[in-house]
Structures are given as structure tokens and as C-alpha cells.
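**Student:** Structure incoming, see below.
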Amino acid sequence: MPFTASVISAANWGAVPPKELPEETIPKLIIIHHTDSPNPPNAISKGTLEGGKQLARNIQRAHMETNGWNDSGHNFLNTIGGFVLEGRQGTLAAISKGHCVRSAHAGNKAANESPGIENEGNFMTHRMGTAQWNSLVELCAALCSAYNIDPDNIKGHRDFKATDCPGDWLYSQLPRLRRVVRQTLAPPSIPLKKGSKGSKVKDLQKYLKAWGFNPGSIDGVFGTNTQTSVIGFQKSKGLTADGVVEAKTWKALITSPPPQPLPSEIISLVDVCKYYQGLPAQDRALEWLQGQIPKPIMDEFAKRWRDRTSPQPTQPLTMINVCKYYDGLSYQDEALEWLEGQISQAVLEQFAQKWRS
Ligand SMILES: [Zn+2]
């Protein structure tokens, strides 16, 4: 949840609507690209905000008209001026749920479920300037925090496809990027308290704001407003409310709640039986599900399930056997649908997650 980077939304840079709304995904990686466009002094954005918006519109047009995609292929654009702009529409809206949206930057189905960051320029030999590097670090740290992604999962486009992207130089800097992002997310070396100053305090203020507290201006000075916010945050998390930010409070600040289940993750029990392959994860999920169903409901389900089946009585019915002996018969489907109606949505969602893990 605490996504702290400042990103210019697609609405703000004048994006045209997507041809189709993208599905939401649960991201596991961050993928780094370059736009392969001119470097300074010929960079398209000229390092300005207006130039960055123009670049975002140019890329969207190329991706939709030339490539035939639904929208911009990437999720974020990081310009040489250090401005970050939303790419594929829906990306920013999905972050608060711990979700990304399916995009088209990586040429790889699984990798397209994770955010792709386009960096303006060509980084085969050219080195990124400070403003752009800093905004890349800030964006990656914010994404790692919002999605609970370890910085080791920051990858380059060429890890997924035969391509020069993100350029030899930028690719060679990925270990440094991971290291700096990890430092950004690390707890302060000395606890932060009233009177503390510096970039770590600035980060603290951003997190407090993202959690809905009001630390005052993001100025890197730990004053009364920041202290009040820290105490409020600590109370909300059941931590010692002393207004001092040590490792425990810091960890709570940067950790996000688990992502909400995707709409597509709510699966029907009929589909479960159809797609059952006897995989260990499937059996474990079915055993877990069975443990959530009260015995009277399991007994009634067994009656409906067995009513017209030939003898296999007396033994208690297990969900694993239900899947094994499923034949797509209409009374089986009816029994499964009845059972599904008896199980809470929350249990079904958890089951779906276990089933797919
Ligand atoms: Zn790329």
C-alpha cells in the first residue's frame, strides 16, 4: 500500500483511452527498459515536464498505431529530467490493491504481469544522469514497498528476450540499482526521533503520508507533526507508541498488506474438478478446503454427491476423491454448486490462492 513515488497520471499527460481495459495482475518483478531514443542534447523531453508529457504521447501513439497494442506497452516512463509518468492506464489505480495491470513491454507473458519502466534514452554506452537515476531509484523502492518485492527481483528486459534493452551500460548498473534500492528500504542506522534530519526522515514522512497520516511538509526535518504522525502510526499497528522510529516501526512502514485476490482468482468448484491433475499443491489446497467445511455440510454434500452413484459408501467423502471421480455428470455439478453456496467468499478466495500456488 504505501506507494510513495510521485507519478504523473496518464490523464494528466493527455493519454488517449486504451482500446481495451487491461486485466489486473499480481506483480513479482520490476523490469527495466530504455526507450532507445536520443540522448542529450537531442533528448525528446529536453528534460522538461512538458517535454516528458510529449514523449509519453509519442510513445503511446507508436505503441497503439505502429505496434497495434491496446495502450502504452510499459507501466512507467522515467525521463531524463527525472519526471515519472504513468504508461498503461490502470497502473496507478491498481497499486493500492497490490496489483499491476497486464502490459506489453517484455515480450513475455509472465513478465508482462509485472511493471515495466521505460527510461528515456539509449544506454548502450551513454550513462544516465543524476536526476533520472534518482527518480529510477525512488520509483523502484516505492514499487518494492507497495508490492512486497525484494530488490533482487529488479531485472532487465534482456533477461526475458533477445534484445539490447536496457542497453549494456544500464544493464551493468542493475546490481548497483538493487543495492541502492535495498539501502533506501533499510531501517535507519540510528533511530529517528524529534530533531532528526536528512533523507531518511524525508522517506519516513513520505511513508507516513502514504499511510494517511499528516507529517506536515516533506522536508526531512523530524518536527512535532512528524512525531505526532509516528505515534499515530505506531498505535494503528499495535507498536510501542513512543514516537521513535527504530527497525520495527520502519519495517511496519514499508511493508504492504498482501495483495487482494484477483477477480479471476475466484474459481468454481466445478472448474476445480475439471482442472484437477493430482498435483501436490492441488491436493494440499483440497485438504485445506475440506478442513474449512463443517461436518454437517460435508455430510449433506456427500449425500447429494453419492445419491445416484454406484456403491462407494461408508468411507467419508474427501474433496480429493471428489475431484478424482468427477465425470462432468449433471448431478455432480449440482452437488458442487450447492457446496460452493455453503462456503464463504473469503474461504473460496483463500482456497483459490492455494490452488494456484
Ligand atoms: Zn525493453
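**Student:** Looking at (1) over 18 Å from the mean Cα position of the chain (by Cα); (2) within 16 Å of the ligand (Cβ to nearest atom); (3) of a type in the set (Val, Ile, Thr), which is the only condition Ile30 fails?
**Tutor:** Just one mismatch for Ile30, condition (1).
**Student:** Give me the pairs, please: first residue somewhere in the stretch 156-182 and closer than 22 Å to Asn134 by Cβ and among the basic types (Lys, Arg), second residue anywhere and within 15 Å of the ligand (Cβ to nearest atom) and not in a helix (DSSP H, G or I), beta-carbon distance under 9 Å, and either six or more positions apart or on two chains.
**Tutor:** Short answer, once both residue conditions are applied: Arg178/Ile154.
**Student:** Same structure again: Being under 22 Å from Glu24 (Cβ atoms), touching a helix residue (DSSP H, G or I) at 6+ places or on another chain (Cβ under 6 Å), of a type outside the set (A, V, I, L, M, F, W, C) and more than 12 Å from the ligand (Cβ to nearest atom): is that true of Glu113 here?
**Tutor:** Taking the combined requirement at face value, the residue does not satisfy it.
**Student:** Those residues that are touching a residue at least 60 places away in the same chain (Cβ under 8 Å) and within 16 Å of the ligand (Cβ to nearest atom), I need them from the stretch 116-135; list them, please.
**Tutor:** Correct list: Gly116, Ile117, Glu118, Asn119, Glu120, Gly121, Asn122, Phe123, His126.
**Student:** Moving to a separate point now. Go through the stretch 32-79 and give me each residue that's without any contact (Cβ under 8 Å) to a residue 60 or more places away in the chain and among the polar types (S, T, N, Q).
**Tutor:** Once the filter is applied, which keeps residues that are without any contact (Cβ under 8 Å) to a residue 60 or more places away in the chain and among the polar types (S, T, N, Q), the stretch 32-79 yields Asn42, Thr48, Gln54, Asn58, Gln60, Thr66, Asn67, Asn70, Asn75, Thr79.
**Student:** Scan the stretch 106-129 and tell me whether some residue there is in a helix (DSSP H, G or I), among the hydrophobic types (A, V, I, L, M, F, W, C) and more than 18 Å from the chain's Cα centre (by Cα).
**Tutor:** As a first pass, look at the stretch 106-129 and keep what is in a helix (DSSP H, G or I): 111-113.
Of the ones still in play, those that are also among the hydrophobic types (A, V, I, L, M, F, W, C) are 111.
Next cut, more than 18 Å from the chain's Cα centre (by Cα) only: none.
Looking through the stretch 106-129, none of the residues is in a helix (DSSP H, G or I), among the hydrophobic types (A, V, I, L, M, F, W, C) and more than 18 Å from the chain's Cα centre (by Cα).
**Student:** Moving on to the next point. Report whether or not Leu174 is at pLDDT 95 or above and in contact with a Gly (Cβ under 7 Å, 6 or more places away or on another chain).
**Tutor:** Working: at pLDDT 95 or above: yes; in contact with a Gly (Cβ under 7 Å, 6 or more places away or on another chain): yes.
So Leu174 fits the description; yes.
**Student:** Evaluate the following for Gly243: is it in a loop (DSSP other than H, G, I, E, B) and crowded, with 20+ Cβ neighbours inside 10 Å?
**Tutor:** On the way: in a loop (DSSP other than H, G, I, E, B): yes; crowded, with 20+ Cβ neighbours inside 10 Å: yes.
So Gly243 fits the description; yes.
**Student:** Can you find, within the stretch 143-188, the residue that is farthest from the ligand (Cβ to nearest atom) among those that are over 22 Å from Cys100 (Cα atoms) and not in a helix (DSSP H, G or I)?
**Tutor:** The extreme case among them is Pro188.
**Student:** Taking the stretch 196-219 only, how many residues are closer than 19 Å to Ala146 by Cα, crowded, with 17+ Cβ neighbours inside 10 Å and among the small types (Gly, Ala, Ser)?
**Tutor:** Qualifying residue count, the stretch 196-219: 1.
**Student:** Here are some conditions: (1) away from the ligand (no atom under 16 Å from the Cβ); (2) touching a Leu at 6+ places or on another chain (Cβ under 8 Å). Glu50 meets all but one. Which one does it not meet?
**Tutor:** (2)
**Student:** Something else: Note down all Cβ pairs under 8 Å where the first residue falls in the stretch 198-221 and is among the hydroxyl-bearing types (Ser, Thr, Tyr), the second is in a loop (DSSP other than H, G, I, E, B), and they're at least six residues apart or on different chains.
**Tutor:** Close Cβ pairs (under 8 Å, with a partner that is in a loop (DSSP other than H, G, I, E, B)) amount to Ser199/Gly220; Tyr207/Pro2; Tyr207/Thr4.
The values are calculated or read from the model by the stated rules, or taken from the named source; none is laboratory data. Being a predicted model, the structure only gives us computed values, none of them experimental. Neighbour counts are summed over all protein chains in view; Cβ atoms, including those assigned to glycine, are modelled from backbone coordinates with ideal geometry.
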